[in-house]
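As structure tokens, the structure follows; a few thoughts come after it.
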Amino acid sequence: MKRLVTLIGIFALLFCLQLVGGGFEALASGTEGGFAEQAIGGLEKLWSFTGFANVHYTNIIMIAVGLFFIFLAIKFDYEPLLLVPIGTGVIIGNIPFLAGNNIGLYESGSVLNYLYFGVEKGVYPPLIFLGIGAMTDFSSLISNPKLMILGAAAQIGIFATFLGASALGFGPEEAGAIGIIGGADGPTAIFLSSKLAPHLMGAIAIAAYSYMALVPVIQPPIMRLIVPKHERLIKMKPPRAVSKTEKVLFPIIGLLLTTFISPSALPLLGMLFFGNLLKESGVTERLADTARNALINIITILLGVTVGASTQADYFLTTDSLKIFGLGAISFMVATAGGLLFARIMNLFLKGDKKINPLIGAAGVSAVPDSARVAQMEGLKNDPTNHLLMHAMAPNVSGVIGSAVAAGILLAFLS
């Protein structure tokens, strides 16, 4: 340690001697202004390039938001794989700089601008879906297909938000892009906003990912409010065993059926089912492993950092952004309530051990697998022997499919 301090001191001394020597040379050669004015001019130019000279209070606000995201991820383990990259990106995007030097994300030719291309053109979301497909087990959905209805019911949040955004003065394309927040699916929100409302993408993406991270905070009070105690205690029979043939056929049939219904969602649904086929076929394990590990990790880093950096204060802190955040919160609650209420309605037509625990209806939102885990935790709080995770995964994964189909329908109607 002492040697390091000594070495730093020697370099500092040499730098000072060189600076003073340069000043004497300037004086000796009669350079206009002399050493003092040159030094002051150089320092002033250096100052003009620093963040301290270009800072605005909005930059400080956004940097605080980024730090808050990182705090939530580390302290409470709220979606750390998303919030740490996004929070860091928010900080990166709001470091003050002198415009015109190809630094900012919105400056053509900058490194961040090139990385943002994958978000702007909707390249990253399908690759995320490929990884999700390669890591998802659809067995619970295959064994109990009626639970797919709960995933569809939760998409009411998308269309409720669309109507709310229209009422607040957003145009049809903007309202459609904002509405997808109700599906609690970040990649789908980015994909749709890149097509319909690129200028709102930062606010939409941050809102979608923020509410996905806050699933453990937002959903439990709604679940307790809507589902009475005696229904929270319902035990569901274990899902039946699913054969390999069924697992292989599911992504093929799912791909054909969903994309024929909503061709506009082909980039998302095609990659989702392709990833699942890689996993279930049993002959492409190496490709499946790459998709669910290395590839999705790389894309998550790039997506998170660039989406965070897109929240540059002068582009992000607007009245529209505040409206989007408010609508996002309402849509998420509506989606959760829709899944819960529909589960209770389904029970009116089911008898005996075929009844479902309405708590799994909250998993119909697309936050995989967090909303399914919340259903599991709430079930255990009411009965420590009542395990709902496998059942909750069925509406959870169907919610992913449902939100992608809804995005395709909105894109077809509004583009």
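Laboratory data are not the source of any read-out in this text; all were calculated from the coordinates shown. Small disclaimer: the values here were computed from a predicted structure and weren't measured. Note: ideal-geometry Cβ built from the backbone for every residue, glycine included; neighbour counts use all protein chains shown.
General observations
- Bridging of K237 to aspartates and glutamates at a Cα separation below 13 Å is possible for D353, once same-chain residues fewer than 8 apart are set aside.
- Sites listed here are chymotrypsin sites (Phe, Trp or Tyr not before Pro) in region 304-374 whose DSSP assignment is loop and whose Cβ has at most 13 other Cβ atoms within 10 Å: F349.
- On the basis of the beta-carbon distance and an R0 of 25 Å, D289 and I261 show a calculated FRET efficiency of 0.20.
- Residue-wise HN-Hα coupling along region 230-245, computed from phi with Karplus coefficients 6.51, -1.76, 1.60 (Hz; x: Gly, Pro): 5, 7, 5, 8, 4, 9, 9, 5, x, x, 6, 5, 10, 6, 4, 4
- The residue list P126, F316, Q376 was ranked by how far each Cα lies along the charge dipole of the chain toward its positive end, using unit charges on Cβ atoms, and Q376 comes out on top.
- Near E79, once Lys and Arg are set to +1 and Asp and Glu to -1 for all other residues with Cβ below 12 Å from its Cβ, the sum equals -1.
- Taking Cβ atoms as reference points and 12 Å as the exclusive limit, the residues near K381 contribute a net charge of +1, counting Lys and Arg as +1 and Asp and Glu as -1.
- Computed from point charges on the beta carbon alone (+1 for Lys and Arg, -1 for Asp and Glu), the dipole magnitude for the chain about its Cα centre is near 1900 Debye.
- The chain: most fluctuating residue of S398, S110, S331 per GNM, C-alpha cutoff 10 Å: S110
- Of all the options I222, I63, I204, the one that moves most in a Gaussian network model of the chain with Cα springs shorter than 10 angstrom is I222.
- Relative packing of peptides 127-139, 165-177 - highest average C-beta neighbours within 10 Å first: 127-139, 165-177
- Ascending count of other beta-carbon atoms within 10 Å, so fewest first, for T284, T306: T284, T306
- The K244 and L380 beta-carbon pair, evaluated with R₀ = 22 Å, returns a calculated FRET efficiency of approximately 0.10.
- Protection-proxy order for peptides 252-264, 178-190, each taking the mean of Cβ atoms within 10 Å per residue, highest first: 178-190, 252-264
- Loop sites in region 45-147: trypsin sites (Lys or Arg not before Pro), DSSP, at most 14 other Cβ within 10 Å: K121
- Pairwise label distance in nanometres, T318 with A53, each label 7 Å out on the Cα-Cβ vector: 3.0 nm
- Estimated vicinal HN-Hα couplings, Hz - region 52-66 in sequence order (Karplus 6.51, -1.76, 1.60; Gly, Pro = x): 5, 7, 10, 5, 10, 4, 5, 4, 5, 4, 5, 4, 4, 4, x
- Ordering 55-61, 239-245, 385-391, 273-279 by mean Cβ neighbour count within 10 Å, with the highest value first, yields 273-279, 385-391, 55-61, 239-245.
- Overall form of region 279-364 per C-alpha gyration tensor (a/c, 1.5; a/b vs b/c): oblate
- 3J(HN,Hα) from dihedral phi, region 141-157, Karplus parametrisation 6.51/-1.76/1.60, rounded to Hz, x for glycine, proline: 6, 5, 6, 9, x, 5, 5, 4, 4, 5, x, 5, 5, 5, 6, 4, x
- A straight Cα-to-Cα reach below 19 Å connects K45 with the aspartates and glutamates E32, E37, residues fewer than 8 places away in its own chain not being considered.
- The convex hull of the Cα atoms of region 52-185, projected and averaged over all directions, covers 11.7 nm².
- Max mean-square fluctuation residue, GNM over the chain, Cα-Cα springs under 10 Å, options E378, E37, E79: E37
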